[in-house]
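First up is the structure itself, then whatever we jot down about it.
Each value in this text was obtained by applying a stated rule to the coordinates, not by laboratory testing. Here the structure is a predicted model, which is why all the values come from computation and not from measurement. Heads up, the Cβs are rebuilt from the backbone with ideal geometry, glycines too, and the neighbour counts pull from every protein chain shown.
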Amino acid sequence: GWGAPNSNITLLKAGVIANVVQPAGDGRFSYTFGGLERGTYTITAYGTDGANRKSATFTSTISIIQGSTNLLSDVAIAPTLELADNSVPVGENARALGSTIPNSRVELYVFAKTGGFTGTRLLTGTSTASGAWEITVPSKDYPEGTYGLRARVKTETASSELSPSFYLGVGEEPPTASSEGADLNGDGKVNLIDFSIMLTN
């Protein structure tokens, strides 16, 4: 798969940590789960970058036939995301930043939580050769309110999950939590992925 250079990719099998690997300079990583008996396994991966920011969790369930070799390829670990400031005055720009796969397209989705507009707006940027990325949110285009931001990365062969939601207050203070209730990865759904994250922690 692919992740941010100088990050730690934690790999889990059935909710138990199997290994932690570091992507190479181009973002590529690999790991072999050996000695698996026949059965169904949930494989989970998430990244923690050099600033200790954690990505969303990638999860895949695979069925193994004993004696076979199975390949799970082009896994794109979601970008890490943080806001330079959680709130800005109306009309002042905000900055979203993080780490991801080098030289890749980063998509930042902005949606209104309170006030503001309806629907979702898309902002884009490109990560550097080191995997760092930053996108300016022009809050002059956003009425007073609280906005949710989520990011994902796209390469020529893969697209990541969306990051957990972070909240930006324009002219007001946003909620302090990046996710709510049992939706642990902030994807708007409560499912097996959230359960796996709970078991991991």
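Tell me what the chain gives for mean residue ellipticity at 222 nm when only DSSP H runs of n ≥ 4 count, each as -39,500 (n - 2.57), the sum divided by the residue total, rounded to 500 deg cm²/dmol.
Here the helix-only value at 222 nm equals -1500 deg cm²/dmol.
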Amide H contacts under 5 Å for Ala132, restricted to residues at least 5 apart in sequence or on another chain and with H modeled in the peptide plane, are Thr100
Could you pull out every one of the aspartates and glutamates with an alpha carbon less than 13 Å from that of Lys113, ignoring same-chain neighbours closer than 8 positions? Glu144, Glu172, Glu173, Glu180
In sequence order, calculated HN-Hα J values of the stretch 126-132 (Karplus, 6.51, -1.76, 1.60; Hz; x Gly/Pro): 10, 6, 7, 5, 8, x, 6
Proximal aspartates and glutamates to Lys13, defined as alpha-carbon separation beneath 17 angstrom and excluding residues fewer than eight positions away on the same chain: Glu37, Asp194
Spin-label model distance (nm) - Lys140 vs Asn70, 7 Å beyond Cα toward Cβ: 5.3
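What is the ratio of the Cα radius of gyration of the stretch 1-105 to 2.2 N^0.38 Å, with N the residue count, to two decimals?
Dividing the Cα Rg of the stretch 1-105 by 2.2 N^0.38 Å gives 1.30.
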Cα convex hull volume per residue for the chain (Å³): 115
Calculated from backbone phi, Karplus (6.51, -1.76, 1.60) coupling profile of the stretch 165-173 in Hz, x at Gly/Pro: 6, 10, 10, 10, x, 9, x, 7, 8
Phi angles of the stretch 150-164, converted by Karplus (6.51 cos²θ - 1.76 cosθ + 1.60, θ = phi - 60°) into ³J(HN,Hα) in whole Hz with x for Gly and Pro, give 9, 10, 8, 10, 10, 10, 5, 10, 8, 9, 7, 5, 6, 5, x
